[in-house]
1. Would you pick out the residues in the stretch 61-80 that are modelled with pLDDT of 95 or more and surrounded by 17 or more Cβ atoms within 10 Å (Cβ to Cβ)?
2. Working carefully through the options C139, C173, find the one that is open to solvent by 10 Å² or more (accessible area, probe 1.4 Å), closer than 28 Å to G262 by Cβ and part of a helix (DSSP H, G or I).
3. Mind listing just one residue for me: the one in the stretch 307-321 that is more than 26 Å from N218 (Cα to Cα) and over 16 Å from the mean Cα position of the chain (by Cα) and, of those, farthest from the ligand (Cβ to nearest atom)?
4. From the residues in the stretch 263-286 that are open to solvent by 60 Å² or more (accessible area, probe 1.4 Å), more than 20 Å from H227 (Cβ to Cβ) and assigned to a helix (DSSP H, G or I), which one is farthest from the ligand (Cβ to nearest atom)?
5. Among the residues of the stretch 177-199, is any among the charged types (D, E, K, R), surrounded by 18 or more Cβ atoms within 10 Å (Cβ to Cβ) and under 21 Å from the mean Cα position of the chain (by Cα)?
6. Quick test of your reading of the structure: I212 fulfils all but one of (1) surrounded by fewer than 20 Cβ atoms within 10 Å (Cβ to Cβ); (2) touching a residue at least 60 places away in the same chain (Cβ under 8 Å); (3) on the phi < 0 side of the Ramachandran plot; (4) not in a helix (DSSP H, G or I). Name the failing condition by number.
7. Does D298 count as within 12 Å of the ligand (Cβ to nearest atom), open to solvent by 10 Å² or more (accessible area, probe 1.4 Å) and not aliphatic (A, V, I, L, M)?
8. Could you please find all residues in the stretch 68-123 being part of a loop (DSSP other than H, G, I, E, B) and out of contact with any helix residue (DSSP H, G or I) (no Cβ under 6 Å at 6 or more places or on another chain)?
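The values are calculated or read from the model by the stated rules, or taken from the named source; none is laboratory data. In this text the structure is predicted, and so the values were computed from the model without any measurement. Heads up, the Cβs are rebuilt from the backbone with ideal geometry, glycines too, and the neighbour counts pull from every protein chain shown. Each accessible area value is taken on the protein alone, full model and side chains, heavy atoms only, with ligands, DNA and RNA left out. Shrake-Rupley method; radii C 1.70, N 1.55, O 1.52, S 1.80 Å.
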Amino acid sequence: MSKTATLTVNGKVYELPMIESTIGDTGIDISKLRSQTSFITLDPGFANTGSCRSSITYLDGEKGVLRYRGIPIKEVAEKATFVETAYLLIYGELPTKEQLSDFSHAFSRHANLHEDMKNFFLGYPNTGHPMAMLSAMICALSAYYPELLKPEPSDQEIDLMTIQLMSKIRTICACTYKKSIGEPFIYAREDYDYVANFLHMMFSTPTKEYKIQKPVVNALRTLLILHGDHEQNCSTSTVRLVGSSWANLFASISAGVCALWGPLHGGANQKVVEMLEEMHSTGADITKYIERAKDSNDPYRLMGFGHRVYKNYDPRARIIKSKCDDLFNTLGVHDPLLDIAVKLENAVLKDDYFKERKLYPNVDFYSGIIYKAIGIPANMFPVLFAIGRLPGWIAHWREMKASKETRIGRPRQVYTGEIERDFVPIEKRK
Ligand code: ACO
């Protein structure tokens, strides 16, 4: 027998169906609440609201667990390529050899942009933030595939949009970088895999090939995998919400990029490095910054700490931290920012303010230091996050399209404004 929850409002009792999960939070179905009771729920930030049923990613923030399609993140990060991970997230299963080869070859075939798109980049100032260009270019891609922009595209059409996006996002990101430093765009190479090709388009020049180094490819691959999906976060919920109006996949992903940009979400990795640089330039006195972050009258926060869902060490941060050590040891480089980061983490983990609020390092705390070691400038960090998160966004958009439950996203509100008043002519206004 299916379980129900009871809700008593003004002495009247209502039975609400309960939706069982395979693991994790059980839902109380309030989809008929308003029609049955004339009440709505209020949940700012949606911290207690499930917006859909999903079978892509499971996470337990209290225990620090994260699984893609049931597979623990540590295993995926250690054993899979980024393309394999994308296939797993999007199609629900690990690919066979043949499926993986087809998927990878499709990326090679579609890597280059329509030549006309170069003009779009040229119109931007060199100082323009790469996230502004990325969201615009992804939306602009929709102009090149008018035949795919149907409210109800077929599976093959969705597959084609998936390939175009997954492949071209690398090229667009590399072009935003080349534009910012005034260098010519570099075309993808057919003989390079996904991550190596991105590095090649970023760092090769017409006169000098960038030397692909395995430890660098490996570190970047791991970072992209760790960012692959994180269930109903701000940007993914945006992609689903925009897509729920039957907006096309390119438009929905472009909106996701904008949502990711904010410093409380994907923009945090850039802010972490800026914060560490400031600490370094002012003599690495971390105490002052910790005290500021604890002051309730100061909006200052330690970037890279805290998470809406993780109330334990973010499992991705643990993996990234070990990658950080590996990369620095293999490349034989030393970055004083890493020393400050470790010092800051140790101090924060011992501090009662952070302990009481369960604020641990999140995925963004160490990722920026790795990007920096690879030679990627700070304003490109959120762009790298977007490349990693793209398979997750696509998987959610596709899941939403395939679901029979999806309605256009349209929350209600508890109105707190004036009830009704007269319009005052301008000459009588005070
Ligand atoms: N530094 C100092 N205090 C913090 C921090 C922080 N980084 N994060 C949260 N707090 C405090 C808040 O001030 C609040 O204190 P209070 O209870 O005394 O008012 C308490 O901890 C709870 O914070 P909320 O803002 O309610 O937590 P929420 O779940 O809404 O926010 C968020 C989560 C946005 C990630 C927050 O922890 C934060 O701003 N962190 C810094 C930015 C960051 O690293 N973002 C990346 C997140 S990971 C990602 O998106 C991939």
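1. Across the stretch 61-80, the qualifying residues are L66, R67, Y68, R69, I73, V76, A77, A80.
2. C139
3. Selected residue: N312.
4. By that ranking, first place goes to S281.
5. Within the stretch 177-199 (the criterion being among the charged types (D, E, K, R), surrounded by 18 or more Cβ atoms within 10 Å (Cβ to Cβ) and under 21 Å from the mean Cα position of the chain (by Cα)), the answer is no, since none of the residues qualifies.
6. (2)
7. yes
8. Matches in the stretch 68-123: G70, A80, T81, G92, E93, T96, N112, E115, D116, G123.
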